[in-house]
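For reference, the structure discussed in these notes is given below.
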Amino acid sequence: MRNTLSHTLRKTLIALALVTSFAASAQVLAAQEKIALSGEVKQGGLMVGKTLPQNTVTLNGKEITVSNSGNFTFGFSRDDIQSYQLAVTSVNGDRVEKTLTPQKRSYNIQRIEGIKKSIMQPNPKAVARSQADNKKIKTARKVSSPLNYFAHGFVAPIEGTITGVYGSQRVYNGVPKRPHFGLDYAGKTGDPVKAPASGTVLLWVPDMFYSGGTMIIDHGQGVSSTFLHLSNSYVKQGDEVKQGQVVAAVGKSGRATGPHLDWRINWFNVKIDPALVLKINPLH
Ligand SMILES: [Zn+2]
């Protein structure tokens, strides 16, 4: 009896804390809140939340995973103009809702001339190779593991100057291409690349057609890091890695103009801005 009462009371308090949190702002919220939501409500933003593990969380009516420590996550794409209804329902039916509308951004346009014709108009063999590569990448990014390392904050994979940003659109030889979704860092071939968050290595392929040495690390619940153009890997598929651990080396493999690290973040197939992910407050 006493147990049930305190349980109910706790639920009510949780619900109230959530209301307070949302009223304060959907931005980074104080860690002392019972339920917190961290991240920027912006195109390319990743949201990281925490609630009671037994609560149900839905985004536009679709249930999203809540880890057994209560963490959940979702993100907004580059050109996302939808509004999202986030709902948290406790086991006794208390329900709190919040509408999130990602803030619009404007992106840079980069003009790159002098790309080889063989890349501009790849031959059928190259097309087939890159399609096979994309299939592997897509499959890896579909993985939904119970890990919750995405909630513990991210660190930059290298200490290089940023030379390319998320969302920028490249115009090769005057032809607009698909936007760039990575954060590019200047680096030398062989420079150590660290895991931005702990996780499991989902994929390592040394020689993809466009992206060369390509590694994907799972941080849990569909959140993954992808590194492109690597010259080497110090881990293999299935390995568990710790945040800050050196996992690979910078390179210029695949179709790269020079050695650099291209780091990407995904929430399943939603392409997230790594620069925004670096600003997320950890929610343990
Ligand atoms: Zn890049």
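Residues of segment 132-182 that are at pLDDT 95 or above, farther than 21 Å from ILE280 by Cβ, in a loop (DSSP other than H, G, I, E, B) and within 16 Å of the ligand (Cβ to nearest atom): THR161 alone. Taking (1) farther than 19 Å from LYS279 by Cβ; (2) buried (at least 16 other Cβ atoms within 10 Å of the Cβ); (3) modelled with pLDDT of 95 or more; (4) not aliphatic (A, V, I, L, M) in turn, PHE74 satisfies each apart from (1). Tallying residues that are charged (D, E, K, R), part of a helix (DSSP H, G or I) and at pLDDT below 85 within segment 116-130 yields 1.
Here is a list of conditions, (1) over 20 Å from PHE209 (Cα atoms); (2) of a type in the set (Lys, Arg); (3) loosely packed, with under 12 Cβ neighbours inside 10 Å, and LYS135 meets all of them except one; can you say which number that is? Unmet for LYS135, out of (1) over 20 Å from PHE209 (Cα atoms); (2) of a type in the set (Lys, Arg); (3) loosely packed, with under 12 Cβ neighbours inside 10 Å: (1).
Do the conditions hold for GLY167, that is, is it under 19 Å from the mean Cα position of the chain (by Cα) and at positive phi? For GLY167, the condition - under 19 Å from the mean Cα position of the chain (by Cα) and at positive phi - is met. Quick check on TYR185: is it in a strand (DSSP E or B), within 12 Å of the ligand (Cβ to nearest atom) and surrounded by fewer than 23 Cβ atoms within 10 Å (Cβ to Cβ)? Criteria met by TYR185. On inspection, THR200 passes the criterion of being assigned to a strand (DSSP E or B) and more than 16 Å from the ligand (Cβ to nearest atom).
Results for (1) in contact with a Ser or Thr (Cβ under 6 Å, 6 or more places away or on another chain); (2) in contact (Cβ under 8 Å) with a residue 60 or more places away in the chain, shown as yes or no for each residue.
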residue: LEU228; (1), (2): yes, no
residue: ASN232; (1), (2): no, no
residue: GLY244; (1), (2): no, yes
residue: ARG255; (1), (2): no, yes
residue: ASP262; (1), (2): no, yes
residue: PHE268; (1), (2): no, yes
residue: LEU283; (1), (2): yes, yes
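The values are calculated or read from the model by the stated rules, or taken from the named source; none is laboratory data. Predicted, not measured: the structure shown is a model, and the values here were computed from it. Don't worry about glycine lacking a Cβ; one is built from the backbone with ideal geometry, like all the others, and counts go over all protein chains shown.
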